[in-house]
1. Using +1 at the C-beta of Lys and Arg and -1 at the C-beta of Asp and Glu, which of 273, 226, 284 has the Cα lying farthest in the positive direction of the dipole of the range 206-318?
2. Label the range 1-155 by shape, choosing from rounded, prolate and oblate, from the square roots a ≥ b ≥ c of the eigenvalues of the Cα gyration tensor; if a/c is under 1.5 it is rounded, and otherwise prolate applies when a/b is larger than b/c, oblate when it is not.
3. Which one, 167, 180, 90, projects farthest toward the positive side of the charge dipole computed for the range 86-183 from Cβ point charges (K/R +1, D/E -1)?
4. For the range 249-306 and the range 24-62, what is the separation of their C-alpha centers, rounded to whole Å?
5. Which of [x] -0.46; [y] -0.81; [z] -0.41 is the computed log10 I(q)/I(0) by the Debye sum over Cα atoms at q = 0.08 Å⁻¹ for the structure on display?
6. Once fully extended, how much extra length lies between residue 176 and residue 385, figured as 0.36 nm per residue of separation less the alpha-carbon to alpha-carbon distance?
7. Spin-label point model (7 Å from Cα, Cβ direction): what's the residue 196 to residue 30 distance in nm?
8. Nearest 10 degrees is fine. How inclined is helix 67-80 to the longest principal axis of the chain, computing both from alpha carbons?
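Just so it is clear, none of the values below were taken in a lab; they were calculated from the coordinates. Because the structure is a prediction, the values reported are computed rather than measured. No Cβ is skipped: glycine too gets one built from the backbone with ideal geometry, and neighbour counts run over all protein chains shown.
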Amino acid sequence: MKREIFTPEHALFRDQFRRFAKRELEPKIAEWNARGQSDRESWRRMGEAGYLGPSMPAELGGGGGDFLYDAIVIEELSYLRAHGLQSSLHTAICLPYLLHYGTPEQKQRYLRPAITGECLVAIAMTEPGTGSDLANVQTRARRDGDHYVIDGEKTFISNGQNCDLVIVVAKTDPSAVPAHRGISLILVPADAPGFARGKKLDKLGLRGQDTSELFFSECRVPCDHVLGEEGRGWKQLMAQLVQERLTIAIGSIASCRRSLDDTIAYVKERKAFGQAIAAFQNTQFKLAELATQVEVGQAFVDQLLVRHARSACGSTGASEDLVMEASMAKLWTTDLQKRLTSECLQLFGGYGFMLDYPIAMDYADAAVQTIYAGTNEIMKVIIARKLGLE
């Protein structure tokens, strides 16, 4: 279906990026998946070509466009299955924190090189004992003269091996009541004393994307590395989580479309009982249902994309009016992705269980979508609260 939300300029950008990705990235996907990590040169090429900051301000080296340009990159990488280069985390999730809360000096030191691909950014929220319950993070950052001293550990951190800078969620006031009022965001360069990368975690899916443990032991960074104001971290996180959840919804729908396209092509060629699998009514009904659900999800995501692109132009990038809708989008699209990949794999029969067939990887990749950026159970809690059901 034609998507009216994109202008001719957006279409040209998509065309250019699609050619770039096919030429520069697709040949490396198998290597990333085998190694469990993407290569820095690909990130630099992305930055040089202007694909790591298409919606960042032009005066900082970005493209000066709206969020729809970011969405195009997310969609194309997801459709290509280039999960090793999960630039959405860097571009659409981490960079807005620097843009909206960073000082002029922080923007020059970190944001500008992040847009060019010279500085890769990760955000460290999750801890071994704290998943979606961010208010109870145990990582501590205490003042010692003109430095923060950080102690704690983080896990499941995307881009943990490649990153040059980590946005760390830490408690600067452990006695604060309620607990979330003591949270701050602190910028920790990878060469900071006391910072160490743990092992690269071995995951079920998203094999090419590096996910790591990070450790902070008496890690010292200057006090001017706090992002925004001390104690304001919770509000900053809540404001940016709307875009993070919408980002996941964008990628999920694009991945659904790729799995569906591949399955439709397969059932037309594969024969059973003397005819193509596509000729069986069960196959037709299954794929008709899935195609309809993908289009319904796409229409909802597109509506939110337009509204978010409009509202994200404010000074904080917050989209408070989209908290419920973004949670709904994340819930719907990621549940759909798990269901769709399961149904599509079934249509491949025994071949669907073979890793030679991308649908098997799609099935594994879908598993985490309902877990990160707040589990889908948390999405339901948020939606229920917004409906006044507390």
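1. The one lying farthest along the dipole's positive direction is 273.
2. In terms of gyration-tensor shape, prolate.
3. Projecting each Cα onto the dipole axis, the largest value belongs to 180.
4. The range 249-306 and the range 24-62 have Cα centres spaced 29 Å from each other.
5. [z]
6. Gain on extension, residue 176 to residue 385, equals 72.8 nm.
7. Result for the modelled spin labels: 3.8 nm.
8. Here the helix axis deviates by roughly 50 degrees.
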